[in-house]
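Comments concern the structure below.
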Amino acid sequence: MRVLVALGIAERLKPHVVVPEHLAVRNARSGRLLAQGPLGATSAQRYGAPYWVIHRGDLQAALWRCRGSDAGITLRLGSKVENFTAEPDGVAVSTSHGSQPLAARAHALIAADGLWSTLRQQFGHATAPRPAGHTAWRTLVRATPHSRAPRFRRSISGSAPTRISFTNPVKSGRMINVVAIVDDDWREPGWSTPGAPRALLDRFSTAQWHASARDLLAAGERWQKWALFDCPPLASWGKGGHAAR
Ligand SMILES: Cc1cc2nc3c(=O)[nH]c(=O)nc-3n(C[C@H](O)[C@H](O)[C@H](O)COP(=O)(O)OP(=O)(O)OC[C@H]3O[C@@H](n4cnc5c(N)ncnc54)[C@H](O)[C@@H]3O)c2cc1C
């Protein structure tokens, strides 16, 4: 958040965010509150920046609008970094845009290309991501005054035995992001595989899960799922003259 504030986009984000007042952990079976930690004003005071919840699309739209000469940021979408060579005075980067090859030179290259990073391998880290044994399901549900969902509206809540469900409001409180994580050996790549609502609900039995949690899961009509993977920590983080260690 401090970086987003420094980039000057806090005002653009404000209409889309929810400021949760607290984070709550509940007993899955009884729904009883187990622990609660303050966020809201306490976070802002403690960390010098607010704690906000936002839909990823709203964040990306704000970042897209802040590019340009004022922020000193240029975005080139649809480009793939293929390779790089560390040189004494910088780095040479080969990229492609569609079938079009592009070459670029820079002072430094930060590889932020995610879990399946190709650049990480070129740093000499050959270990492939390992399956974590869990699948995450997600959906958005409408926060209507008549549904039970608003109970979760101003908070982020979590509960567990072996399966975890958590919620947080997005779209300035109009929608609720619901995520349910289940133990699973399913390992397909990607993060938008459609999932059958019934198959998920069957994993959250009435014996183990409180009605308010099951109601929220049942309200999800369009579920998407993705297998979780993990990467061992890297021993070194850089290459070249001024590489971060
Ligand atoms: C569906 C889903 C929901 C999630 N929800 C939450 C949440 O609510 N809260 C939370 O904290 N975390 C959430 N996470 C986890 C969070 O998204 C990740 O931890 C985070 O995005 C990782 O950031 P990253 O920058 O390492 O990689 P990524 O966000 O994966 O970004 C990597 C980027 O690099 C690009 N790229 C890859 N290879 C190349 C290449 N060769 N050249 C150029 N570009 C390349 C990719 O296209 C991508 O845009 C969620 C993840 C998923 C999949």
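Per the Kirkwood formula applied to alpha carbons, segment 1-119 shows a radius of gyration over Rh ratio, Rg over Rh, of 1.12. Return the whole-Å distance between the Cα centroid of segment 1-41 and the Cα centroid of segment 196-230. Answer, in whole Å: 23. Note that segment 201-209 has calculated 3J(HN,Hα) couplings of 4, 4, 7, 10, 5, 5, 5, 9, 10 Hz, one per residue in order, obtained from phi through the Karplus relation 6.51 cos²θ - 1.76 cosθ + 1.60 (θ = phi - 60°); glycine and proline are x.
Its DSSP H runs of at least 4 residues, each contributing -39,500 (n - 2.57), put the calculated 222 nm mean residue ellipticity of the chain at -4000 deg cm²/dmol, to the nearest 500. Computed from backbone phi with θ = phi - 60° and the Karplus coefficients 6.51, -1.76 and 1.60, the 3J(HN,Hα) list for segment 8-20 is x, 10, 4, 5, 5, 7, 3, x, 9, 8, 10, 9, x Hz; x is used for glycine and proline.
Relative to the dominant Cα principal axis of the chain, helix 56-65 is inclined by about 40°. A cut-off of 5 Å between modelled amide H atoms, ignoring neighbours fewer than 5 places along the same chain, links MET175 with ALA143, VAL170. Both the radius of gyration and Dmax for segment 103-143 are 16.8, 48 Å, in that order, over alpha-carbon atoms.
Averaging 1/r across all pairs of distinct Cα atoms in the chain and inverting the result yields a Kirkwood radius of 21.1 Å. Amide H to amide H, with H built 1.01 Å from N, ARG29 comes under 5 Å of HIS210, counting only residues 5 or more places away or on other chains. What the phi angles of segment 98-104 give under the Karplus curve with 6.51, -1.76 and 1.60, with θ = phi - 60°, is a coupling list of x, 8, 7, x, 9, 10, 9 Hz, glycine and proline written as x. Using C-alpha pairs under 8 Å with a sequence gap of at least 6, the mean separation divided by the residue count of the chain gives a relative contact order of 21 percent.
Close amide H contacts of PHE229 (hydrogens built in the peptide plane, cut-off under 5 Å, sequence separation of 5 or more or a different chain): ALA132.
Laboratory data are not the source of any read-out in this text; all were calculated from the coordinates shown. These numbers were taken from a predicted model, which means no experiment stands behind them.
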